[in-house]
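The values are calculated or read from the model by the stated rules, or taken from the named source; none is laboratory data. For clarity, every value in this text was computed on a predicted model and none was experimentally measured. When we count neighbours, we look across all protein chains shown, and the Cβ atoms used for this are built from the backbone with ideal geometry, even at glycine. Side chains are part of the model used for accessible areas, which takes the heavy atoms of the whole protein and leaves out ligands, DNA and RNA. Shrake-Rupley method; radii C 1.70, N 1.55, O 1.52, S 1.80 Å.
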Amino acid sequence: MREDVDNVFRDERIQRAFRYISDHEPDIEADQIRLTMIAAPPYGEAARARQFSEELIDLRLRPVTDSIGNVIAGYDVIGRNPVIVGAHLDTVFPASTPLELQRKGRRLFLPGISDNSAGIVALLWAFRAAKEFGIRFRRPVLAIGNVGEEGEGNLRGIRHLFAEPLWDGRECEFIAVDGAGLQRITNQALGSRRFRVRMTGPGGHSWADFGRPNPVQAMAAAIHTFCSSGTGPGSSFNVGMIRGGISVNAIPREAAMEVDLRSIAVGSLENLEHQLRRAVAQATRESGVECKIEMMGERPSGATSPSSAIVAATFEVTRRFGVEPQSDVGSTDANIPISLGLPAIAIGAGGNSGNVHTPDEWFDPSHRDRGIQRLLALIAVLAGLD
């Protein structure tokens, strides 16, 4: 592996591509801002997907859009056993979210500026630099701008990609470029299950009908019981949304909550689900409300071995940029190929970020060039230089 990495870093085309990336930081930043200003909530990525496709056409690639909205392009051809580089197009933010750029020093404040515009532009500029200096690879290399990574998207873009692959055979290596950073190498997939719980009752007047079943109070009791149950190691939960009621003096007819359960182990995830269902059943029984539990989404768990070629290559390439990499656990597009037994990881695009998934999300492009250079070098090591 070290010899392969040495050969890539000694290649004059790669070194020229590295300098090209560093010299074009203002252009990369401009692209990142422009893409972020195109709203792209789950199931609403079409406008950003069209722009991503146009960027690939500018690189003299021939992108296609599949039936679910993923944009796919081969660096040269789409063939057997490709190296696939994916960056999700969607953000967590509704289409109505104000998109107003603010700057504080080098930091760019804009919802979605890191997750995942940083990943999208890293993919585009790694391919642009490779094309600029005539770099060719021995194996096919694919660029994917995929839909539906966030929230209710439930990884639908990558699920579809691997259910109906455009390349020959099943084999591939997959790199998800997601958010900022250079140190983390996500090779363990964090499993999750997401539920929507609805409780209903007859409703009524807060004075005249006092004592009728109250869905909001029942929901509160269920949340308290569930949150008091505790979790096992490597697990977490979150009550992310709660809704219900029409007025302070009206007994609500309905309450709803959305709950996210996560664990690195399938057994622990099943225990969490059991605790949630038991807490909801108890609150329903004691209050007299009716209840329905719906699964909103599920992400599979698994791991890519630290001794696999893709992980070893990523660690070695990252060290060449003066950074000591760390294995990480995360919930990303890589969950799908990992769960299928295929070698897959998720990495950051360089730079730094904070307040991700909030309206105050920010990205600092300092040393971002190393993230894009790392991505290009990793592709070259895995696919081989021609």
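Key figures for this structure:
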| quantity | calculated |
| --- | --- |
| Protection proxy ranking, peptides 224-230, 258-264, average beta carbon neighbours within 10 Å, highest first | 258-264, 224-230 |
| Diffusion constant of the range 6-58 at 37 °C, which comes from Stokes-Einstein with the Kirkwood Cα-pair radius and 0.692 mPa s, µm²/s | 246 |
| Accessible surface of the chain, 1.4 Å probe, proportion on carbon and sulfur as whole % | 49 |
| Hull shadow area, averaged, the chain [alpha-carbon convex hull, nm²] | 20.1 |
| Span per principal axis, largest first, for the Cα atoms of the range 82-175 (Å) | 45, 36, 15 |
| Dipole magnitude of the chain about its Cα centre (Cβ charges: Lys, Arg +1; Asp, Glu -1), debye to nearest 20 | 280 |
| Neighbourhood net charge (14 Å Cβ-Cβ; Lys/Arg +1, Asp/Glu -1) for Met199 | +3 |
| Efficiency of FRET between Ala163 and Gln183 - r from beta-carbon atoms, R0 41 angstrom, step 0.05 | 0.80 |
| Whole-angstrom gap from the range 37-70 to the range 110-187, using each part's C-alpha centre | 13 |
| Net dipole in debye of the range 197-308 [+1 Lys, Arg Cβ; -1 Asp, Glu Cβ; about Cα centre; nearest 20] | 80 |
| Computed over the range 156-198, the ratio Rg/Rh where both radii use C-alpha atoms and Rh is Kirkwood | 1.06 |
| Among beta bridges that DSSP assigns inside the chain, antiparallel share in %, nearest 5 | 70 |
| The range 297-363 shape via C-alpha gyration tensor axes, a/c threshold 1.5 | oblate |
| Surface accessible to a 1.4 Å probe, per residue, for the residues of the chain, Å² | 43 |
| Farthest positive-ward along the chain dipole, Cα basis, beta-carbon charges - from Gly169, Ile21, Ala222 | Ala222 |
